[in-house]
Amino acid sequence: MEKLVQLAKILSDSNRVKIIALLYREKELCVCEICDTLELSQPLVSRHLKQMREAQLVQTKQSGKWIIYSLGKNKILYCFLDTIQEDIANLPKIISCATR
């Protein structure tokens, strides 16, 4: 039950939902791509990603000096994402990092 409550808390913030939706659509992103695309500050995005990582909703991998984020395997999260497909398609196009 605690995992469901934690997921509900994470999904209660629109910026976190947008980050999750972008990761769902794009498969892998670095922090700067999320920041630039959603026009959010780096500290804010990093804080959101930390919460999602602690809840095991996102996973990371190292690519040179970059940390790349992707969604973990969470069936409940994917059910939620399936219900918002139209909204995901309307998110802005990714602004890629020139340095990655």
Can you tell me how many residues in region 73-95 are modelled with pLDDT of 80 or more, surrounded by 14 or more Cβ atoms within 10 Å (Cβ to Cβ) and not in a helix (DSSP H, G or I)? 3
Exactly one of S12, S70, S63 is surrounded by fewer than 11 Cβ atoms within 10 Å (Cβ to Cβ) and small (G, A, S), and that residue is S12
Which ranges mark the helices (runs of 4 or more DSSP H) fully within region 1-69 that have 3 or more residues being touching a residue at least 24 places away in the same chain (Cβ under 8 Å) and more than 10 Å from the chain's Cα centre (by Cα)? 2-11, 31-38
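I want to confirm something. Restricting to region 15-59 and keeping residues that are small (G, A, S) and at pLDDT 95 or above, which single residue is surrounded by the fewest Cβ atoms within 10 Å (Cβ to Cβ)? Outline the logic, then answer.
Within region 15-59, the first condition is being small (G, A, S), and the residues that meet it are 21, 41, 46, 55.
Now drop any that are not at pLDDT 95 or above, which leaves 41, 46.
Values: S41: 9, S46: 15.
Of everything passing the filter in region 15-59, S41 is surrounded by the fewest Cβ atoms within 10 Å (Cβ to Cβ).
The values are calculated or read from the model by the stated rules, or taken from the named source; none is laboratory data. Given the structure is predicted, the values throughout are model-derived calculations rather than measurements. FYI the Cβ positions are ideal-geometry reconstructions off the backbone, even for glycines, and counts take in every protein chain you see.
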